[in-house]
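Visitor: Take a look at the following structure, please.
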Amino acid sequence: MTPRRAGNIIVAGRHKEVVDVVEDRERPVASAPKDTPAEREDRARERLKYEVAEELGLRDDIERRGWAHMTTREAGKVGGHMVRRMIRFAERRMARDGHVPGEAEKPE
């Protein structure tokens, strides 16, 4: 069997597993991919959906049946409450930042 080189170590035959370990150590460690704003927003919406479902007493049904098997009424309740919450959040943020609801920003 011909020895093969792995980094600075020459290994032959039965020591192949050592080569694999050494080769793994020599590879650069990839950093975790950066979250995009869209991915963060998707996760936030998903968390909100489950929070609302919990408040409406639907969490057990969702875990048992899954979202695909919820009734239109149940899914609509969750969606409606999510929208109300997002509107309240946006209104509070606008008030905090000094924006007046209903008034468009005017260029100077």
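Visitor: When ranked by the protection proxy of mean other Cβ atoms within 10 Å per residue, highest first, what sequence do the peptides 79-91, 52-64 form?
Guide: My ranking of the peptides, most packed first, is 52-64, 79-91.
Visitor: Separate question: So what are the ³J(HN,Hα) numbers for the stretch 35-48, from phi and the Karplus equation (6.51, -1.76, 1.60; θ = phi - 60°), rounded to whole Hz, Gly and Pro as x?
Guide: Here the 3J(HN,Hα) series is 6, 8, x, 5, 5, 5, 5, 4, 5, 5, 5, 5, 4, 4 Hz.
No lab work stands behind these numbers, since they all come straight from the coordinates. For clarity, every value in this text was computed on a predicted model and none was experimentally measured. A quick note on method: Cβ atoms are made from the backbone with ideal geometry, for glycine too, and the neighbour counts reach across all protein chains shown.
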